[in-house]
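The values are calculated or read from the model by the stated rules, or taken from the named source; none is laboratory data. Keep in mind that this is a model prediction, so the values were computed, not measured. For neighbour counting, all protein chains shown are included, and Cβ atoms are generated from backbone atoms with ideal geometry for every residue, glycine included. Just so you know, the surface numbers come from the protein's heavy atoms only, side chains and all, with ligands and any DNA or RNA stripped out. Shrake-Rupley method; radii C 1.70, N 1.55, O 1.52, S 1.80 Å.
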Amino acid sequence: MMTDRVLQDLLAQAGLPDVAGGEGSAGGSVGQTSRITLADGGEVFFKRQRHAPDNFFGAEAQGLQALASTGAIRVPEVLAVSDAGLLLEWLSGSPAGDYAERLGEQLATLHAHTSDAFGFDGDNFCGLTPQPNPRMDDGFAFFAQARLGHQAQLAQRRGLLKSADIKRIEVISARLSDWIPRQPASLIHGDLWSGNIHCGPAGEPAIIDPAAHYGWAEADLAMTTLFGRQSPAFYQAYAEASGLDPDWEERIPLYNLYHLLNHLNLFGGGYLSSVRAVLDRFA
């Protein structure tokens with residue numbers, strides 16, 4: 001078969017053999033993803049995005065490597081990266097044994113890796129949306145400016161939010177400390193919806209497609225509830241391993257307002273009612 005030129009370059013960069021075959025693999029909203037079989041029988045995961053933003057794949061690779069460096073939870077190994085694509089270890093399996101409990105414990109272990117400042121070593125993306133990661137000492141200012149404010153400005157420029165919506169987001173941003181307790185800057189996945197919670201070949205937990213940065217651990221946990229919750233065993237194991245505040249669920253809508261705004265920007269007005277429901281509750 002004729003191999004995609006981007007894939008050829010990535011395979012050469014990784015020192016891997018040529019392609020024997022390939023099959024499409026279900027992915028998110030971003031680009032083309034494929035499970036690739038190599039001439040030696042090995043398998044890799046190939047991602048590409050035509051007209052990808054600058055450093056789109058480099059930022060994902062940086063996030064994966066940061067998560068991997070903790071040894072807390074499995075992520076796919078980065079094999080090669082370019083401006084046009086990303087080559088990763090192929091991970092596939094079915095949850096086994098106490099998968100949910102291990103997932104909770106391992107996510108808590110990841111979140112125990114902290115920094116003196118919020119943000120990250122570089123900007124990255126949440127989906128296709130640019131995600132700024134300025135280094136900031138104040139978590140409330142970081143979430144207000146680099147998360148809620150950033151998404152709100154994008155939505156206003158695109159005509160997706162009215163001035164009244166923006167004012168209510170500004171009110172919420174100014175009052176975050178009224179509802180959210182002070183928390184350290186934890187290394188978090190950043191886009192931890194159910195589709196990014198995965199499984200390795202031995203049935204072990206794994207996470208994929210990060211928007212990694214140092215942020216609030218509770219915000220990462222909140223994202224696991226947005227499009228289908230994990231099992232109760234997961235949340236119980238996380239709470240036992242982390243000392244999670246039992247009131248954390250009261251704050252879920254505030255944390256997930258960021259992701260609802262991002263989905264408004266990515267997919268349009270179908271998410272406006274969900275955004276406004278959070279605004280109605282808090283502002």
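Here residue 88 sits with roughly 10 square angstrom of accessible surface, probe radius 1.4 Å.
Just subtract the alpha-carbon distance of residue 281 and residue 249 from 0.36 nm times their residue separation and send over the number in nm, one decimal. The partial results should precede the final answer.
Working: separation 32, 0.36 × 32 = 11.52 nm, distance 1.44 nm.
Roughly 10.1 nm would be gained on extension.
3J(HN,Hα) along the range 245-258, derived from phi through the Karplus expression 6.51 cos²θ - 1.76 cosθ + 1.60 where θ = phi - 60°, amounts to 4, x, 8, 4, 5, 4, 9, 3, x, 5, 5, 7, 4, 4 Hz, with x in place of Gly and Pro. Let me cross-check residue 81: its accessible surface, 1.4 Å probe, with only protein heavy atoms counted, in Å² to the nearest 10? Using a 1.4 Å probe on the heavy atoms, I get roughly 50 Å². With contacts taken as Cα pairs under 8 Å at a separation of at least 6 residues, the chain carries a relative contact order of 19 percent. In order along the range 67-80, the phi-based Karplus estimate (6.51 cos²θ - 1.76 cosθ + 1.60, θ = phi - 60°) of 3J(HN,Hα) comes to 5, 4, 5, 7, x, 7, 8, 6, 10, x, 5, 7, 9, 6 Hz; Gly and Pro are listed as x. In this structure the range 169-213 gives 36 Å² per residue of accessible area when probed at 1.4 Å with all protein chains present. With the simple spin-label model, which puts each label point 7 Å out from Cα in the Cβ direction, the residue 116 to residue 236 separation comes to 4.1 nm. Per-atom-type breakdown for the chain gives carbon and sulfur 48% of the accessible area (1.4 Å probe, protein chains only). Close amide H partners of residue 199, meaning residues 5 or more places away or on another chain with modelled amide H under 5 Å apart, are 93, 206.
For residue 131, the amide hydrogen comes within under 5 Å of the amide hydrogens of 124, 125, 126, counting only partners 5 or more places away or on other chains and with H modelled in the peptide plane. For the chain, the 222 nm mean residue ellipticity estimated from helices alone, with every DSSP H stretch of n ≥ 4 adding -39500 (n - 2.57) and the total spread over all residues, rounds to -11500 deg cm²/dmol.
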